[in-house]
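The structure appears below as structure tokens.
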Amino acid sequence: MYTQGMYEIIKKEQIAEDTFDLTLSCRDLCDLVNPGQFVHISVPGFFLRRPISICGIDKDSGTIRIVFQIKGKGTDALSKFEVGEQLDMLGPLGIGFKLLESDKKVITVGGGIGTPPMLAVAKYYGKNATAISGFRTKDLVILQDDFKAQNNKTILCTDDGTAGEKGFVTDALARCLKEEKPDMIYACGPVVMLKAVSEIARNNEISCQISLEERMACGVGACLGCAVKMTRGGREFYGHVCKNGPVFDSKEVVL
Amino acid sequence: MADLSVKFCGVDMKNPLITASGAYGYGREYTDLYSLSKIGGISTKGTTLYEKDGNPPPRIAETPCGMLNSVGLQNGGIKKFLAYELPNLEKNNLAVVANVAGGTIEECVELVSMLEGTSVNIIELNISCPNVKQGGAAFGTNKDCAAEITKAVKNATSKPLMVKLSPNVTSIVDIAKAVEAEGADAISLINTLLGMRIDIKSRRPILKNNVGGLSGPAVFPIAVRMVWQVANAVDIPVCGMGGISCAEDAIEMMMAGAECFQIGAVMFNDPYAPVKIIDGLNEWCDKNGVKNISEIVGTVKPW
């Protein structure tokens, strides 16, 4: 189930270089949403909607939170919206993360602007989630206090060592797995990171779910634009990020 | 309330709006928002004899006032359509236009033969897809090939045959006349215009297919011009499409000579577009004293 409407921005903050954090009041949409789903936002002056992952869900207040980075002219225009203005959103769309019982141990791995959807899934597991986040440098670091506020263990990595530990998220993940194997790994980030995380998960026989993005038009599975190569029962075919995903079992996609 | 009903090649539709092939799947994806019975008809996702994978991603690129796509006719094949999609469409009150595409004339003939005896109202023969290597636009950009395939398919079906034309030709009128002469019952146009975008950072085309079909408001004036030219050149009815994004655009298209119209890319921006356009047609007719929408077809008064 999804809906479409105009929803008011009730909070806005710039949280890092080119990175914005919006909270929207959207009772009907919020009632339907699960971690890992996305909203499809219409930006005036641009023909196609922008798919943005959902970072926070507050069912009590009927609000969702989205965190996005300026990547082009569309997201730049989106960043100019202010508190009190309304956004045209379609959502929630796609299939979110599969959740285990909340007392299971999980690791979330977020790379760069792939970090926001990890916050929504880590919230569900509280102290049983370890959130590994990686950024190029300290100016791009986001959401670390938010993970801590929901009792997640956090490991911060930067490529240049200017914040947290120097190195890649995959190094931190491999180290965590030596101590204790989780019941699930969740990941979102650049394809090269997702490939590496998927391989580590496979080698350690741990279930892994990854969230993907692709250039998208309809957002609901009608146009078949956002293709991703999938594999099931030895057969390869094109699935679609908006309908079969954005969250996929890492064993079912060919990256 | 005006009368929006139209009769298009013998098929009664409650309004002249058909959702365009490739933009609306088989109608399942938008029923969270409104009933399929709101729309006049659906032109199904282009369906081939066998399941088709489509092209590698990226398949979508945004353009000024529009978009490129290179989906490449990904679909589950005619057997899946008949077993799974058509029964679902039959539950609704709307005209079913089966959009079919084949790599060879024989494939097209087999496809339409399989639709005999089904509830499909109209066959839309796609001879204009720019994104497939075989068939597709290869048929639609050559007058003789267009005529040959129309003749063969017409002989294989008892249903009204609408041929969907490509705008990527020197003379759309010549192609329209050629398919009319071989028995086409209607013509729909325009399919997408071949386009390209390049990422200047990577110096790579945005589409993995390098080129793709342009649609959206950017192509609307071209579509109006071509519909007007074709409607004036043939005696069979014309279904107009290409960049329609509001009721006023639909009225313009009908004034150019289209008896009904299709909408596509606009729904990616506004999924409620079909409902808004139908409501807008009603309002416009009421305001302008038009009792039946068909009155306006071809009423443009050229200078």
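The values are calculated or read from the model by the stated rules, or taken from the named source; none is laboratory data. Quantities reported herein were computed from a predicted structural model and do not represent experimental measurements. Cβ: placed from backbone, ideal geometry, glycine included. Neighbour counts: every protein chain shown. Keep in mind that these areas ignore ligands, DNA and RNA; they rest on the heavy atoms of the full protein, side chains included. Shrake-Rupley method; radii C 1.70, N 1.55, O 1.52, S 1.80 Å.
A few points about this structure:
- Kirkwood hydrodynamic radius of the protein assembly as shown, from the reciprocal of the average inverse Cα-Cα distance over all distinct pairs: 24.8 Å.
- The stretch B:257-303 and the stretch A:146-176: distance between their alpha carbon centers, rounded to Å: 56
- For A:Tyr186, residues with placed amide H under 5 Å, excluding near neighbours: A:Ile107, A:Thr108, A:Val109, A:Gln209
- The calculated FRET efficiency for the pair A:Ser102 and B:Ser5, based on their C-beta separation and a Förster distance of 51 Å, comes to about 0.35.
- Cross-link table A:Lys127/A:Lys229; A:Lys251/B:Lys208; A:Lys59/A:Lys251; B:Lys52/B:Lys276; A:Lys73/B:Lys80; A:Lys73/B:Lys38, entries beyond 30 Å C-alpha to C-alpha: A:Lys127/A:Lys229; A:Lys59/A:Lys251; B:Lys52/B:Lys276; A:Lys73/B:Lys80; A:Lys73/B:Lys38
- Top of B:Phe220, B:Phe268, B:Phe81 by mean-square fluctuation, Gaussian network on chain B, Cα under 10 Å: B:Phe268
- Cβ-Cβ FRET estimate between B:Ser37 and B:Asn210, R0 fixed at 30 Å, reported to 0.05: 0.15
- Among beta bridges from DSSP that stay inside the stretch A:118-255, the antiparallel ones total about 45%.
- For B:Val109, net neighbour charge (Lys/Arg +1, Asp/Glu -1) across residues whose Cβ lies under 15 Å away: -3
- Local charge for A:Ile142 was computed over the other residues whose Cβ lies under 14 Å away, with Lys and Arg +1 and Asp and Glu -1, and equals -3.
- Potential extension, A:Asp18-A:Asp249 segment - 0.36 nm per residue separation minus Cα distance: 80.1 nm
- Residues in the stretch B:81-90 carry Karplus couplings, in order, of 4, 5, 7, 10, 8, 4, x, 5, 5, 5 Hz; the curve used is 6.51 cos²θ - 1.76 cosθ + 1.60 with θ = phi - 60°, and Gly or Pro positions show x.
- For the protein assembly as shown, the per residue solvent-accessible surface stands at 41 Å², with DNA, RNA and ligands left out and a 1.4 Å probe.
- Once backbone amide H atoms are built at 1.01 Å from N, A:Met216 has no partners under 5 Å, excluding neighbours fewer than 5 places away on the same chain.
- Taking the DSSP beta bridges with both ends in chain A, the antiparallel portion is around 65 percent.
- Accessible-area loss of 50 Å² or more (1.4 Å probe, protein heavy atoms, chain alone versus all protein chains) is found in the stretch A:217-255 for A:Ala222, A:Cys223, A:Leu224, A:Tyr238.
- Share of carbon and sulfur in the accessible heavy-atom surface of the stretch A:213-255 [1.4 Å probe, %]: 43
- Alpha-carbon Debye profile of the stretch A:3-93, log10 I(q)/I(0) at 0.23, 0.24 Å⁻¹: -1.21, -1.33
- Taking only alpha carbon atoms, chain B gives an Rg to Rh ratio of 0.94, where Rh is the Kirkwood radius.
- Nearest-0.05 FRET efficiency for B:Glu148 and B:Ser119, computed from C-beta distance (R0 35 Å): 0.75
- Summed buried accessible surface, chains A and B, 1.4 Å probe, nearest 100 Å²: 2600
- Whole-percent carbon and sulfur share, accessible surface of the stretch A:3-93, 1.4 Å: 48
- Separation of the stretch B:189-228 from the stretch A:73-95 is 26 Å, based on Cα centroids.
- Applied to the stretch A:71-82, the Karplus parametrisation 6.51 cos²θ - 1.76 cosθ + 1.60 on θ = phi - 60° returns per-residue 3J(HN,Hα) values of 10, x, 5, x, 5, 5, 5, 4, 5, 8, 5, 10 Hz, with x for Gly and Pro.
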